[in-house]
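All of the numbers you see were taken from the coordinates with simple rules; none came from a lab. This is a predicted model, so every value here is computed, not measured. Cβ: placed from backbone, ideal geometry, glycine included. Neighbour counts: every protein chain shown.
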There are 2 protein chains.
Amino acid sequence: MGSALRVHVLGPSWSFSHEAALKLFEKAEISLNRTISEVFRSVASDEQSVGVVPIENSLQGPVNETVDGLAEYEQIFVKEEGVMKVNLVLAKNPKSEKLTHIASNPYALSQASSFIAKNKFEVISVPSTSQAAEVAARESEVGAICSELAARHYGLEIVARHVEDRESYTRFFVLAHSDSPIGAKKSTLIMNLEHKPGALFRALEAFAKNDVNLLMIYSRPLRSSRWEYYFYLDFEGSRIEHKVNKALEELTRVTQRVLVKGSYSSKNINELFKT
Amino acid sequence: MGSALRVHVLGPSWSFSHEAALKLFEKAEISLNRTISEVFRSVASDEQSVGVVPIENSLQGPVNETVDGLAEYEQIFVKEEGVMKVNLVLAKNPKSEKLTHIASNPYALSQASSFIAKNKFEVISVPSTSQAAEVAARESEVGAICSELAARHYGLEIVARHVEDRESYTRFFVLAHSDSPIGAKKSTLIMNLEHKPGALFRALEAFAKNDVNLLMIYSRPLRSSRWEYYFYLDFEGSRIEHKVNKALEELTRVTQRVLVKGSYSSKNINELFKT
C-alpha cells in the first residue's frame, strides 16, 4: 500500500480550507501552512503533493494572495475546483452561563453583523474562525462565530446556526503540478497585456470570436510597473476543446504573456461525505 | 467669512487619509470616521461636505470598500484625485534604549517585511499605522512603522526612513455631490453588464471604437447573484469631450447600467504644501 497523499492547506486546524481538504481527500496527510504563499511554496517544492487554497468567495470576491500565487508559480496548475457553502454558527463553552463578547475573524464578523448588532455583543477580532473557537473554549463569557467543524473540535456547544446575514459560497482550488483537462468544464488563465490602447478589447475578442464564454475577469497590480495590471480569467470549456484551443492561440498573438493555469472539474463540497 | 469646509476622512488621527486630506484642503474642518462606508454615509447626508478615501495602492490594488461605496451611493461623485507616495518610517519613544518589537498594521508590516526580518524584530499587528505610533509612545521597547506625520504627532524619534521593500503610491478620491469635468483628464464609471456571452467584449468595444483609453478595470461580486460581477473602470478624458461622450452613449446601449462617477483632475499630494 502506498502512503497517503500529502495535502498542503491554509491553517490553523479546522479552518475552512482544512475542512475543504478533508472533504476533497478522504485519505490524506494534511500539512497546515501559515499563509497561502506558504502553500504555494510547499506544493512547488514537492511534486507529489497537492495544495488546497480559497480562490473566491461569492460575497467578498477573489482572494488576492491566491491570484498572485497562480501568476508567480508557473509550474503550479489547478487540478480541481471545490465549492463549499459557508455555514457560520455561534458556539460557546458548554459551562458558559452568559455571553457578553463574540470572537471571530474580520470577514466572519462583517458577515454576521446584523446578528451581532441584534444581540448587542461586544466584538473581539482574531485572525481566524478556528482561533475564535479556541478563545471560546478558554473564556466562558466569549462566544465564537466559526464553522460547525471548528466548534465540534474545540468541544463547544452550538447556540445558533446560520448567523450570517446572507448565504455565501467559497471556491477552493486544488493546486498540483498538472491539471485535469479531460472532461473539464472550466479553465483558468493569467495574462499580461501589451502596453497599447485597446489591448484588453483585443484579448477579449479572441474569446468572443470563438464563442468561448468568460466566467470571471479580475485585475491585479503589476509589482514591476506602477498603475499597470495583469489579468486573471475563468472561462467555460477545457483547453483540449477545439474552439478553446483556437481562442488561446489567438490570445497568445495579441498579448504579452498567457499562462494557462489548467482545465478542471468542479465538485460541490457540501455533497461529499461528512468529516 | 464663511465657515471652513467639512472634510470626512478615514481615521484614526494621522492616518494616511487624514494626511492626504490635510494636504488637499488647507483650511478644513476634519471629521474622522471609523470606516470607509461611514465616510460615504457622512458625505451623503451633508451636501456641503466632501470626503477623502483611498481608492487604490500601486502594490496592493484597489480598495474594495471604496469601489463598493461608489457603486452604492449614486448621488456621490469623484471631484478630484490625489496621489501620495507612501513613506514608511521606523520611529521610537525618545527614551527607548533598545527595540525588541515592531508594531504596525498588516499592510505596512508586509511592505516592510525585509527590513523587519533583517533586524529580527518581533511583530505586533494593530489596525492602523497611527495606532502603532500610539503604542510606541507608550511602550519603550516597541517601535512603530508609520508615517512621518504620525511619528511627529506622537512625539516619536525617527530611527530609519524608507523602511518599505518597494516604493508605492496611494490614490485618494475626493468624494462630493458633483464632479469637476472642465479640464479633467480622467474619469471613473461603474457598470453592470447584460447576462449574455460577450457582454464585456461589447462594452469595451464602445471605448476602443471611439479611441478612449482604459486605464484600469476591476470586477467586484454582485451581492444579489452568486458568481456575477459589476465593473469599475478608469479611463482617459473628461465626460464633456465629444469622443468620451460618444463612447458613453454606446456603452449605455450595450450594458444594463452605467453610472458615470465623475471626471476630475489629479494632484500630486507630495508636491503640495507641508503639513
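Quick notes on this structure:
- Estimated FRET transfer efficiency when R0 is 30 angstrom, pair B:L272-B:H177 (beta carbons, to 0.05): 0.80
- Per-residue ellipticity at 222 nm, computed for the protein assembly as shown from helices alone with -39500 (n - 2.57) per DSSP H run of at least four residues, works out to -8000 deg cm²/dmol.
- Comment: the Cα-to-Cβ extended label point of B:P197, at 7 Å, lies 3.1 nm from its counterparts in the other copies, nearest first.
- Averaging the sequence gap over all C-alpha pairs within less than 8 Å and six or more residues apart, then dividing by the number of residues, gives the range B:89-161 a relative contact order of 48 percent.
- Take each residue of peptide A:191-203, count the partner chain Cβ atoms within 10 Å of its Cβ, and average: the result is 3.
- Each other copy places its own label point for A:K118 at 5.3 nm from this one, sorted shortest first, where the point lies 7 Å along the Cα-to-beta carbon line.
- Note that chain B shows a convex hull volume over its alpha carbon atoms of 147 Å³ per residue.
- Normalised contact order of the range A:1-52, rounded percent, pairs of Cα under 8 Å and 6 or more residues apart: 48
- Short-range pairs are left out: with C-alpha atoms under 8 Å and at least six residues apart, the relative contact order of chain A is 23 percent.
- One compactness figure for the protein assembly as shown is 1.01, namely its Cα radius of gyration divided by 2.2 N^0.38 Å.
- Ranked B:T255, A:T129, criterion: other C-beta atoms within 10 Å, fewest first: B:T255, A:T129
- Taking amide H atoms as placed 1.01 Å from N in the peptide plane, the amide H of A:K261 lies under 5 Å from those of A:T188, A:L189, A:I190, each 5 or more residues away in sequence or on another chain.
- With a simple spin-label model that places each label point 7 Å from the Cα along the Cα-to-Cβ direction, the separation between B:L5 and B:V123 comes to 3.8 nm.
- Converting the Cα gyration tensor eigenvalues of the range A:137-275 into ellipsoid dimensions via √(5λ) gives semi-axes, longest first, of 40, 20, 13 Å.
- Computed E for B:E194/B:D46 - FRET, C-beta separation, R0 35 angstrom, nearest 0.05: 0.45
- Whichever lysines have a C-alpha closer than 24 Å to that of A:K261, once near sequence neighbours (fewer than 8 apart) are set aside: A:K23, A:K79, A:K185, A:K186, A:K209, A:K243, A:K246
- Here the Karplus relation 6.51 cos²θ - 1.76 cosθ + 1.60, evaluated at θ = phi - 60°, turns the backbone of the range B:150-157 into coupling constants of 5, 4, 5, 6, 9, x, 8, 9 Hz, with x for every Gly and Pro.
- With the label put 7 angstrom out from Cα along the Cα-to-Cβ vector, B:E47 ends up 7.0 nm from the copy partners, going from closest to farthest.
- Chain A's nearest residue to the axis relating it to B, judged by Cβ and reported with the distance in whole Å, is A:L204, 3.
- Residue-span extension gain [B:E139 to B:S110] - 0.36 nm each, minus C-alpha spacing: 8.2 nm
- For A:K95, the aspartates and glutamates whose Cα comes closer than 14 Å to its Cα, not counting residues fewer than 8 places off in the same chain, are A:E139, A:E141, A:E157.
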